[in-house]
1. Could you order Trp303, Trp80 so the one with the most accessible surface comes first? Probe is 1.4 Å.
2. First check a/c for the range 123-171, with a ≥ b ≥ c the square roots of the eigenvalues of its C-alpha gyration tensor; if it is under 1.5, answer rounded, and if not, answer prolate when a/b is larger than b/c or oblate otherwise.
3. Divide by every residue of the chain the summed helix terms, -39500 (n - 2.57) for each DSSP H run of at least 4, and state the resulting mean residue ellipticity at 222 nm, rounded to the nearest 500 deg cm²/dmol.
4. When only C-alpha pairs under 8 Å and at least 6 residues apart count, what is the relative contact order of the range 233-326, in percent?
5. Quick check: convex hull of the Cα atoms in the chain, volume per residue, rounded to a whole Å³?
6. Got a number for the accessible area of Arg142? Probe 1.4 Å, square angstrom, nearest 10.
7. Could you report the accessible area of Glu263 in Å², rounded to 10, computed with a 1.4 Å probe on the protein chains as they sit in the structure?
8. What are the residues whose amide H is under 5 Å from the amide H of Leu96, where those residues sit 5 or more places off or on another chain and H is modelled from the backbone?
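The values are calculated or read from the model by the stated rules, or taken from the named source; none is laboratory data. Note that the structure is predicted; figures quoted are calculated from it, not measured. Methodologically, a virtual Cβ is constructed for each residue, glycine included, from the backbone with ideal geometry; neighbour enumeration extends over all protein chains shown. With ligands, DNA and RNA removed, areas are computed over all heavy atoms of the protein, side chains included. Shrake-Rupley method; radii C 1.70, N 1.55, O 1.52, S 1.80 Å.
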Amino acid sequence: MTATRLVPVETLHRIVEVASRAPSVHNTQPWRWQGDARTLELYADRTHQLAATDPLGRNLTISCGAALHHAQAAAGALGWSTHVVRHPDPAQPDLLASIELTPGTPSPRAQETLAAIEARRTDRRRFNAWPVPEERQAHLARIAHQRGARAVALTDESERYIAERLVRRAADRQRANPAARAELEEWLSRDAGDGVPPAALPEPADRAGAHPHRFEGTVREDHPGPEVEATDGLIVFFDTSDDPHAWLRAGEGLAAMWLAAEEAGLSLVPLSQVIEVSETRQAFQVEVLGSLAHPLLLVRVGWRSTAGTSLARTPRRPVSEVLDLV
Ligand SMILES: Cc1cc2nc3c(=O)[nH]c(=O)nc-3n(C[C@H](O)[C@H](O)[C@H](O)COP(=O)(O)O)c2cc1C
């Protein structure tokens, strides 16, 4: 017999609050939730889609997948079991998932997971110089796999060399693209509850602790140098299809991988430009993945520097703005 206790409004509110801590491209938080007494539905918010660099909504859907992961973790921690149906209605492509909530018992590691969600940041500062062992990278890829995503560590020297070259080329292409630059500037100067505030980026004055990243050369001082260091681990999310199903799963896998990295003292930084630029995405598919699969997202991982101070949290839209109760 299925238990039918109704989900209190405060519970829906708390689940969405935790889900909102998920990473999202440019901190766009491109999601909306609709909740009733038994279900939470996740919708893509197209008003927060990046038209210039994400016209298909790949990064948008990956971001929503990360929020879907966090919502399940929050529900579990609050003692609710979840049954998720992804893309439940083909007539509504923006309805990405429906989560049915039934009374359950808190999962054993729920509190640790919630703590990792609170602590996680995109930390673009330089990693510690110790390389991440291949076995550790493979373990992270397996965690994504458990969430229905596919990911593999790039450990072969020639694959890494090609990937690094394509990452640099993608950054150059976007720097030369006025629409991409304008979009980046916009999301660096939002004053509401979204976008990437300067406090979340490495201090330009702190050259030793800085690392080249996609937000440079905009409001921040330029740091010429490699985007990927020789000791960084590189992990690519891929799938046999390049569609919303694969993107949502990749987002769930990304969130699970990121929290596992956080708990292990590792930092993870997405490098999505190489996928956003069609020329480099296609080259990546052929030259790195041997045309066997579509690349969806590249991330680099490394040990967090223990010398670093803590990094400011990026803002979030208030729950009232992203949750509709029906
Ligand atoms: C799909 C996706 C793509 C991203 N791409 C990049 C990227 O190319 N470079 C980068 O520095 N951060 C990237 N990020 C990280 C976001 O900028 C970050 O999650 C957001 O600003 C919120 O900050 P937080 O992760 O510290 O909570 C990406 C995140 C997601 C989910």
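1. Details: Trp303 50, Trp80 15 Å².
Largest accessible area first, the residues go Trp303, Trp80.
2. In terms of gyration-tensor shape, prolate.
3. That calculation yields -11500 deg cm²/dmol at 222 nm.
4. On the way: 93 pairs, mean separation 37.3, N = 94.
Here the relative contact order equals 40 percent.
5. Taking only Cα atoms, the chain has a hull volume of 134 Å³ per residue.
6. 120
7. Using a 1.4 Å probe on the heavy atoms, I get roughly 90 Å².
8. Leu42, Tyr43, Ala44
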